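Okay, so here's the structure we're looking at.
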Amino acid sequence: MANLVIKDLKKEYPTRGEPLEILKGIDLELSSGDNLAIIGPSGSGKSTLLNVLGTLDHPTSGSYTLNDTDPFSLDEDELAAFRNANIGFIFQEHHLLPQLSVLENVLIPTMANGKPAAADVARAEELIQRVGLADRSHHRPAELSGGERERVAVARSLICSPSLVLADEPTGNLDHRNAQQIGELLLEIQDAESMALIVVTHSRDLADMLGRKLEINDGRLSSATV
Ligand code: ADP
Ligand code: MG
């Protein structure tokens, strides 16, 4: 059963004149266990698409269901709860909080309703171990390398056991070796947790590691030619 189904999704940004049409009709289906790379040049709408897929931004039109729910029909609080339970995010700029430890950063998404439960702490510790940072759990982001910080972001994206993980240029700031390792780590965890994974990237190397490759061009998705 497909858990993400997108039909004719469009996104415009208002301007003083004609609206700027960035997504011109996106169709996509993804099941748990699928992984997909979306490539495209800078400015082609990759982040716009990921923000809509992540329900951080509303589409202008089109239909979207994730796990049989249309999140855009929910009110703001319900949408936030839905997003937290179903979608994990990994950003290039990782958005770690500098004053918190690795463990606390990974636990942030569990703290929407107050203190994390013991089970959340146990899962956070397990994820931190899985991304290879067990001995860095109490360090702050400033004490880590770029690759290590990205690993923390990977662990944090998984803490609520999402069914869909979205990564926006997750290796954009990393050298080749670290980029390769993050790619492998993402795929290993995606497979173990049988979630759906979408990675937006302009790195061909990273895209080549994923099961399916689509290209965004002039607001539409097509099979990547290279
Ligand atoms: P990419 O991630 O592929 O580099 P983006 O999705 O960030 O591309 O941007 C696609 C286009 O949409 C760009 O031309 C950008 O300037 C424009 N854009 C992005 N966000 C906004 C916004 N909030 N308002 C107006 N235009 C935007
Ligand atoms: Mg972008």
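The values are calculated or read from the model by the stated rules, or taken from the named source; none is laboratory data. All of these numbers come straight from a predicted model, not from anything done at the bench. Note that each Cβ is placed from the backbone with ideal geometry, even for glycine, and that neighbours are counted across all protein chains shown. Surface accessibility is based on the protein's heavy atoms, side chains included, excluding ligands, DNA and RNA. Shrake-Rupley method; radii C 1.70, N 1.55, O 1.52, S 1.80 Å.
I'd like to check one number: the per residue accessible area of the stretch 1-101, probe 1.4 Å, reported in Å² as a whole number. Don't jump to the answer; show the numbers that get you there.
Values: 5100 Å² over 101 residues.
Solvent-accessible surface per residue comes out at 50 Å².
When the accessible area of the chain is split by element with a 1.4 Å probe, what percent falls to carbon and sulfur? Intermediate results must be reported in sequence, preceding the final value.
Working: 5120 of 10890 Å².
Accessible surface attributable to carbon and sulfur in the chain totals 47 percent.
I want the local charge near Gln180. Using Cβ-Cβ distances under 14 Å, sum +1 for each Lys or Arg and -1 for each Asp or Glu among the other residues. Don't jump to the answer; show the numbers that get you there.
Working: positive: Arg151, Arg177, Arg204; negative: Glu150, Asp175, Glu184, Glu188, Asp205, Asp208.
Counting the neighbours of Gln180, the net charge comes to -3.
Could you work out the relative contact order of the chain? I mean the mean sequence separation of Cα pairs under 8 Å and 6+ apart, divided by the number of residues, in percent.
Relative contact order, the chain: 30 percent.
Answer with one residue from Val199, Leu53, Asn173: the one whose Cα lies farthest towards the positive end of the charge dipole of the chain, charges on Cβ with Lys, Arg +1 and Asp, Glu -1.
My answer, from the dipole projection, is Asn173.
Would you tally the net charge around Ala192, using a Cβ to Cβ cut-off of less than 12 Å, leaving Ala192 out, and scoring K and R as +1, D and E as -1?
Working: positive: Arg130; negative: Glu126, Glu188, Asp191, Glu193.
Spelling it out: positives minus negatives among the neighbours equals -3.
Take the eigenvalues of the Cα gyration tensor for the stretch 1-99, scale each by 5, and report the square roots as semi-axes in whole Å, largest first. Mind showing how you got there, number by number?
Values: eigenvalues 88, 69, 52 Å².
Equivalent ellipsoid of the stretch 1-99: 21, 19, 16 Å, largest first.
So with the 1.4 Å probe, I'd like the accessible area per residue for the stretch 150-226, rounded to whole Å². Display every interim value, and only then the final one.
Numbers: 3140 Å² over 77 residues.
Computed with neighbouring chains in place, this is 41 Å² per residue.
Can you tell me the Rg and the Dmax, both Å, for the Cα atoms in the stretch 150-207?
10.7, 30
Where Rh denotes the Kirkwood radius from the mean inverse Cα pair distance, what is Rg over Rh for the stretch 74-121?
Numbers: Rg = 12.1 Å, Rh = 12.2 Å.
Rg divided by Rh gives 0.99.
Which values, in whole Å and largest first, are the semi-axes of the equivalent ellipsoid of the stretch 68-163 obtained as the square root of 5 times each eigenvalue of the Cα gyration tensor?
Details: eigenvalues 124, 39, 28 Å².
Each semi-axis is the square root of five times an eigenvalue, giving 25, 14, 12 Å.
Ser101: accessible area at probe 1.4 Å, nearest 10 Å²?
Ignoring ligands and nucleic acids, Ser101 comes out at about 10 Å².
Would you calculate the convex hull of the Cα atoms in the chain and tell me its volume per residue in Å³? Display every interim value, and only then the final one.
On the way: hull volume 30.4 nm³, N = 226.
Dividing the Cα hull volume of the chain by its residues yields 134 Å³.
For the stretch 111-161, what is the convex hull volume of the alpha-carbon atoms per residue, in Å³?
Details: hull volume 4.4 nm³, N = 51.
In the stretch 111-161, the Cα hull volume divided by residue count equals 87 Å³.
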